[in-house]
1. Report every pair of residues separated by at least 6 positions or lying on different chains whose Cβ atoms are under 7 Å apart, first residue within region 35-60 and within 22 Å of Pro350 (Cβ to Cβ), second among the aromatic types (Phe, Trp, Tyr).
2. Quick check on region 109-134: of everything there that is modelled with pLDDT under 95 and among the hydrophobic types (A, V, I, L, M, F, W, C), which residue is nearest to Leu380 (Cα to Cα)?
3. Just for strands (runs of 3 or more DSSP E) wholly inside region 288-371: which have at least 2 residues that are crowded, with 22+ Cβ neighbours inside 10 Å?
4. Does Arg106 fit the bill of being surrounded by fewer than 22 Cβ atoms within 10 Å (Cβ to Cβ), of a type in the set (D, E, K, R), modelled with pLDDT under 95 and in contact with an Asp or Glu (Cβ under 8 Å, 6 or more places away or on another chain)?
5. Restricting to region 152-179, what's the tally of residues that are touching a Ser or Thr at 6+ places or on another chain (Cβ under 8 Å) and charged (D, E, K, R)?
6. Of all residues in region 72-104, which are under 19 Å from Leu248 (Cα atoms), part of a helix (DSSP H, G or I), in contact (Cβ under 8 Å) with a residue 24 or more places away in the chain and under 20 Å from the mean Cα position of the chain (by Cα)?
7. Test each condition in (1) modelled with pLDDT of 95 or more; (2) loosely packed, with under 11 Cβ neighbours inside 10 Å for Arg38 and report the one that comes out false.
8. Is it the case that region 264-275 has a residue that's in contact with a Lys or Arg (Cβ under 6 Å, 6 or more places away or on another chain) and crowded, with 22+ Cβ neighbours inside 10 Å?
Amino acid sequence: MEIPGQASPPRVEDVDLADPSFWRLPRARRLESFARLRALGAPARFGSGPGFYALVRHADVREASRRPGEFASAPGVTTPEPAAWAKAVFGNSMVNMDGAEHAALRRIVFRAFTPRLLSAAEDNVRAVAARIVDEMVRDRPADFVASVASRMPFEIICDLMGIPGPQRTEIARRVDEASENVGVTRRRLRVPGRGLRALAQMQLTMAKLARERRREPKDDLISALVCADIDGEALSSRQLGAFFSLLLVAGVETTRNAVAHGLALLSGHPEQYALLAADFARYADGAVDEIVRHSTPIIQFRRTVTAECELGGRVLRPGEKVVLFYASANRDEAVFENPDAFDITRSPNPHLGYGGGGPHYCLGAHLARQEMKALFQELLTRTSGLRALSPPALVDSTFDNRVRALPFTFTPLPRPVLPASSTAPTATRSGPSGTGPGPSGG
């Protein structure tokens, strides 16, 4: 029965994931539609012409991610696919590669993350988090995104790469230009890749830095990537530019959005906020995973079917497209009990916020978790009454769950004075890190 004054629930036949108007609906309505699509069973097809099949269930997204031989990332994981001329000019991104080509590039990146570089990065994460919160307390900004959430991943990646300070302001502006071109207009979808001028400027910057590092290597990631290792492998200037664009547009944006959604979620669930603040060491890992699951910074990626196969009860043929909707998979009732609830104690939490596994699992998942933990630890121990003043202002997008702005407030607390013998806890070290939460790390 329909209740007067309330919107009727979305019907399956009213859902069209290829229609731009769907992506202008409130996020809650879109999630309700995904729930109805999950109940259908076999993947549904959307769009005119070739169209695509929507993978909305956790099992289907996970399986397609782990079958790269049948579900290829090439020629592109976004819609529309990157043009051949754009790949020739800007280089091809790791996310659009498969097989030996992808493995070779990922191997070069992996080797560049030496133990010394990782150790320095881990120490720097804590230092940057402390400095950002110091400045937040001092300046009392109004918008959490611009003053905190955006700064953390951007500064970490620039420090890691060895980007000189004077060039960072210009790069940050270019990242915003590129990222603002991800959205939905009245008549069509706006998608990644339209900020070509911004990307071109970043490519030129990286090419110049690559030339400088080849002449005079430093103890940074650019030097490690462009100077040949013992096997003679190194990135070309164009490959470096493509990798850096991936780090900035994908890595910075995904972590920034996860941090912003994290504050909004904690503000809207004071019992979860209190739990985390009371015993941060115990609940921090669970809080980070639940923030990423609940917000899912990257909504979807696409794959191209390369051989006839079956998935989720649907026979798929070569050339057909499937879209992996992580935002739906992370709310799958078959996997997550009460999936719409925000619960930092959720265990297990097999979310797909960093991808569904396989060769394209997020290269920077470890670093992203470190950044979020370090920043929220500083925020919760240096302030009281920290909360968002309104729901996050979201950008209508088919691609990412982007937060444009988030007004917030807090009361500063005195910075704790540690004994001279005290040292910060050492973070657990693991493999190479580069991008942020979301299946965007290559």
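1. Hits for this filter: Pro43/Tyr53; Ala54/Phe46; Ala54/Phe325; Leu55/Phe325; Val56/Phe34; Val56/Phe325.
2. First, pick out the residues of region 109-134 that are modelled with pLDDT under 95: 109-123.
Going one step further and asking which of them are among the hydrophobic types (A, V, I, L, M, F, W, C), we end up with 109-110, 112-113, 117-118, 120-121.
Numbers: Val109: 34, Phe110: 33, Ala112: 34, Phe113: 31, Leu117: 28, Leu118: 26, Ala120: 24, Ala121: 22 Å.
Of everything passing the filter in region 109-134, Ala121 is nearest to Leu380 (Cα to Cα).
3. Working: elements: 300-305, 309-311, 314-316, 321-325.
In region 288-371, 300-305, 321-325 are the strands (runs of 3 or more DSSP E) which contain 2 or more residues that are crowded, with 22+ Cβ neighbours inside 10 Å.
4. Values: surrounded by fewer than 22 Cβ atoms within 10 Å (Cβ to Cβ): yes; of a type in the set (D, E, K, R): yes; modelled with pLDDT under 95: yes; in contact with an Asp or Glu (Cβ under 8 Å, 6 or more places away or on another chain): no.
It is false that Arg106 is surrounded by fewer than 22 Cβ atoms within 10 Å (Cβ to Cβ), of a type in the set (D, E, K, R), modelled with pLDDT under 95 and in contact with an Asp or Glu (Cβ under 8 Å, 6 or more places away or on another chain).
5. Of the residues in that region, 1 qualify.
6. Let us first name the residues in region 72-104 that are under 19 Å from Leu248 (Cα atoms), namely 76-78, 82, 86-87, 89-97.
Within this subset, residues satisfying the condition of being part of a helix (DSSP H, G or I) are 86-87, 89-90, 94-96.
Narrowing further to those that are in contact (Cβ under 8 Å) with a residue 24 or more places away in the chain: 86, 89-90, 94-95.
Hits for region 72-104 are Met94, Val95.
7. Unmet condition: (2).
8. Applying the first criterion (in contact with a Lys or Arg (Cβ under 6 Å, 6 or more places away or on another chain)) to region 264-275 yields 267.
After this cut, where a residue has to be crowded, with 22+ Cβ neighbours inside 10 Å as well, the list is none.
Checking region 264-275: not a single residue is in contact with a Lys or Arg (Cβ under 6 Å, 6 or more places away or on another chain) and crowded, with 22+ Cβ neighbours inside 10 Å.
The values are calculated or read from the model by the stated rules, or taken from the named source; none is laboratory data. A quick note: this is a predicted structure, and the numbers were derived from the prediction, not measured. Cβ: placed from backbone, ideal geometry, glycine included. Neighbour counts: every protein chain shown.
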